[in-house]
Structures are given as C-alpha cells and as structure tokens.
Amino acid sequence: MDDSPTEHFEHAEHAEHVAHLGDKFLIKVSVTIALLAVAAATVGSLETLETAAAIGDKNDAVFIQNKATDNWSFYQAKSIKKNAYDIAAAGGSPLAEDYKAQSKRYDQEGKELLAKGEELERQTDAKLESSERHERRHHILTVGVTLLHISIAIATIAIIMRGLRWPWYSALAMGTGGTLIAIIAYF
C-alpha cells in the first residue's frame, strides 16, 4: 500500500480546523473520517499480510515440489535397478539368489520412496490451496480498502461543502460496505 506515512496528520489537521468552526455536524464528519482512516489502515495491513502469506505458501509449494521431483527420480532409479536384478535372477545364474535378494531390497526401498513422494505431493497441494486462499482474501481486502479510501474522500466533500449531508451519508454507507467486505474475506 502506497499511503503516505503522514496521511493521518492530514486527517488530524482537517479535524482540528473543523473543531475551530464549532459546527457539530462537521465535527461528526471529521470523527467519521478519522475512524474510516483507521479502518482503511487496518484493512490495508491485512491486505499486505495476505499477499505475503500467499507468496510464502507458493514458494513453499515450489520447494516441496522440487523435493518431490528429486524423490520421484530416486524412485525411478531404484525401480530400474530392481528390474535389472529381476532380469538377472531370471537368467539362471549361480548368483540368482543374490540377485533376488537385491531385487527385494530395491522393491522395499521403492515402496518407501513411493509413500514419501505421495506425501510430498499432498504437502505441495496443501500449500497451493493455502496460497490460493490467501490470494482470494487479498483480492477481497483490496476491494474493501478501496471502498474505505473512497468513503474518506466522499466524507471530505461534506466538510468542503460546509455541512452538506448526502456526502457524509454516502461515506458512512460506503465505509460500512468496505468494512463488511473486509470481514467477509475471512469467512
């Protein structure tokens, strides 16, 4: 989020100016703007956290998938060796019993690698699902924070227009909508 780190000072300055005017309605509008700014900052922070979580889970998925790929390559190598020993044992060589034992060992190791590979694939899928969930939340929070920022701008119109009511009501509705959308992101 590219909000100025001094944006809250601007809101405080507007509120102070309005307080000197003594108009109770304009004071309500100023307080509303301050509350909307807090809500926007909070939702913006949540949006940033969801983005980071989505990227982190996607990176984890790639790392785990690389481990799975390495595991599958190792599984293939064991399978090829097992098949070579099976062929050698079937050839009737005096070492046929040794070949059968080696084949059995590679078969067992292959089963272990198969189970490990399937588990790594499940972990990859889980991380990708988690990343997609964070990304969906990010998109929803983006809509919420945008509505909150627009509501701040609309509420400011009520101050500029010296007490015009409809911008304040619109800002309240839009700010409520933005807040509700942000809440919905987590359901």
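Matching residues to (1) within 30 Å of V62 (Cα to Cα); (2) under 28 Å from the mean Cα position of the chain (by Cα):
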residue	(1), (2)
S131	yes, yes
E135	yes, yes
H139	yes, yes
I152	no, yes
I157	no, no
L164	no, no
S170	no, no
L180	no, yes
Y186	yes, yes
>> Please pick out the residue among K111, K100, K82 that is of a type in the set (K, R), in contact with a Gly (Cβ under 8 Å, 6 or more places away or on another chain) and either open to solvent by 40 Å² or more (accessible area, probe 1.4 Å) or on the phi < 0 side of the Ramachandran plot (or both).
In response: K82
> assigned to a loop (DSSP other than H, G, I, E, B), out of contact with any strand residue (DSSP E or B) (no Cβ under 9 Å at 6 or more places or on another chain), open to solvent by less than 70 Å² (accessible area, probe 1.4 Å) and not polar (S, T, N, Q): does that describe G92?
Replying inline: yes
> Can you pull out the residues in segment 120-153 that are open to solvent by 30 Å² or more (accessible area, probe 1.4 Å) and more than 22 Å from I183 (Cα to Cα)?
Replying inline: E121, R122, Q123, D125, A126, K127, L128
> Hey, among E97, E135, E112, which residue is under 30 Å from I55 (Cα atoms) and not small (G, A, S)?
Replying inline: E135
> Would you pick out the residues in segment 47-76 that are open to solvent by 70 Å² or more (accessible area, probe 1.4 Å) and of a type in the set (A, V, I, L, M)?
Replying inline: L49, I55, V62
> From the residues in segment 23-34 that are in contact (Cβ under 8 Å) with a residue 60 or more places away in the chain and either of a type outside the set (G, A, S) or under 25 Å from H138 (Cα atoms) (or both), which one is most open to solvent (accessible area, probe 1.4 Å)?
Replying inline: K28
>> I need every pair where a residue in segment 40-57 that is hydroxyl-bearing (S, T, Y) has its Cβ under 7 Å from the Cβ of a residue that is open to solvent by 60 Å² or more (accessible area, probe 1.4 Å), sequence separation at least 6 or different chains.
In response: T48/M1
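The values are calculated or read from the model by the stated rules, or taken from the named source; none is laboratory data. Keep in mind that what you see is a predicted model, and the values were worked out from it rather than measured. Methodologically, a virtual Cβ is constructed for each residue, glycine included, from the backbone with ideal geometry; neighbour enumeration extends over all protein chains shown. Note: accessible area is taken over every heavy atom of the protein model, side chains too, but ligands, DNA and RNA are not part of it. Shrake-Rupley method; radii C 1.70, N 1.55, O 1.52, S 1.80 Å.
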